[in-house]
Amino acid sequence: MEEFYYIFTPVIIFYINHFFKKKKIISNYLGNSHQKFLGEKSIPLTGGIYLIFFIAIVLKENYLTLYFFLFFLFLIGILSDTKFISSPAKRLIIQTLLTIFFVYLLDLYVSETKVYFIDALLVNFYFGIFFSSFCLIILMNGSNFIDGLNGLVLGYYLIVLIILYNLGLLDYLDIDKNLIDFFLYLVIVLLIFNLFNLFYLGDSGAYLLSTFVGSILIIIYNQNQTFSPFFVVLLLWYPCFENLFSIIRKFKFKKSPIHADSNHLHQLIFYSFKKKFKTSNIISNNCSSLMINLYNLVILSLGSLNIFNTQFLISLIMLNIIIYTIIYIKLFRYKYEII
């Protein structure tokens with residue numbers, strides 16, 4: 001039976017994807033211009049559909065409430081992809097209310113950060129709910145921000161999941177190991193399809209995958225607090241910092257922080273790569289995505305060598321922030337020819 005899943009999963013995904021593309025169901029032509037790096041008008045935004053189906057198999061009855069949380073986020077993403085919820089403000093309000101409700105229902109709050117003033121506040125139950133909800137919202141929207149290059153979000157979270165797998169931290173979840181193996185296989189298959197521009201994750205896929213990984217990281221840490229919480233911060237640094245940096249950047253240029261633009265780091269890398277090397281959209285897209293994920297693979301792998309050393313992990317996080325900022329400023333000036 002397991003062989004059936006491994007053999008036929010890519011085939012099933014291919015034909016479902018072909019059907020959605022042929023019928024132009026949930027296609028990216030409904031999306032915003034900042035998402036269309038490849039100039040295609042009929043690529044289905046079906047990533048969330050595959051993920052929500054297989055996450056149901058993985059979570060089953062052991063994490064049924066968590067699955068309902070993810071399912072509702074998936075619906076919000078689908079409504080966003082199809083433009084039934086076109087307002088970013090409305091989408092953020094719905095996300096916030098839903099996340100607070102389920103964080104409370106699941107006891108999905110961070111109990112310790114090893115930052116004294118935050119831990120002092122976390123003693124208050126309501127602050128704990130707010131803090132964990134805020135972190136998850138930053139993560140899911142930051143992941144949606146970086147979902148502009150094929151393979152970037154799927155590749156990033158695949159790296160995170162593989163690191164957790166290799167460290168044995170996924171064993172703290174009440175999930176059968178065979179199901180975890182299969183989910184990793186699914187993400188690899190989806191990554192390959194995504195790199196060949198056969199489908200996009202869409203808002204539904206970005207919300208779903210990021211919140212799934214963020215939620216299981218909270219569960220793992222709460223059950224095993226021997227490693228530093230800054231290891232969790234390091235694992236999720238890129239989408240979270242992308243979101244926070246974007247908010248600061250937009251405030252600086254007097255723009256709304258909830259409206260999308262084309263000045264995220266991955267977009268600047270794509271633009272610079274294409275302009276400098278005169279390559280096609282698909283090559284520029286995949287090479288830019290590969291560069292970012294290779295960097296994160298190195299950094300996250302270094303962090304996994306000593307998951308107990310808080311100072312070491314904080315140093316890596318600060319290094320990432322410095323490198324990100326320097327590269328961003330350089331590429332922003334290159335795009336707008338600022339001397």
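All of the numbers you see were taken from the coordinates with simple rules; none came from a lab. Computed from a predicted structure; not experimentally measured. Every residue, glycine as well, gets a Cβ built from its backbone with ideal geometry; the counts of neighbours run over all protein chains shown.
Ordered by the number of other Cβ atoms lying within 10 Å of each residue's own Cβ, fewest first, S301, S215 fall into the sequence S301, S215.
Rounded to a whole number, what is D in µm²/s for region 109-151 from Stokes-Einstein with the Kirkwood radius over alpha-carbon pairs (37 °C, 0.692 mPa s)? It diffuses with D of about 282 µm²/s by this estimate. Mean residue ellipticity at 222 nm, helices only, the chain: -24000 deg cm²/dmol; runs of at least 4 DSSP H residues each add -39,500 (n - 2.57), and the sum is divided by the number of residues. Residues whose amide H falls under 5 Å from that of I85, counting only those 5 or more places apart or on a different chain, are S80, with hydrogens built in the peptide plane. Placing +1 on the Cβ of every Lys and Arg and -1 on the Cβ of every Asp and Glu, with no other charges, gives region 2-261 a dipole of roughly 1340 debye about its Cα centre. What's the longest uninterrupted piece of the chain once you rule out the GluC sites (Glu not before Pro) that are loop residues per DSSP with at most 10 other Cβ within 10 Å? In short, 62-336.
In the chain, Cα pairs under 8 Å separated by at least six residues give a relative contact order of 23 percent.
For region 237-339, the Kirkwood estimate of hydrodynamic radius, built from reciprocal distances between every pair of different alpha carbons, is 15.1 Å. Along the axis of the charge dipole computed for region 112-213 (Cβ charges of +1 for Lys and Arg, -1 for Asp and Glu, origin at the Cα centre), the listed residues Y185, I129, N150 are led at the positive end by N150. List the DSSP H helices in the chain whose Cα atoms stretch 24 Å or more along the helix axis and whose mean Kyte-Doolittle hydropathy is at least 1.0. Answer set is 64-81, 88-106, 125-146, 177-195, 310-336. Annotation: amide H-H contacts under 5 Å for S27 (H modelled 1.01 Å from N, sequence separation of 5 or more, or interchain): L45.
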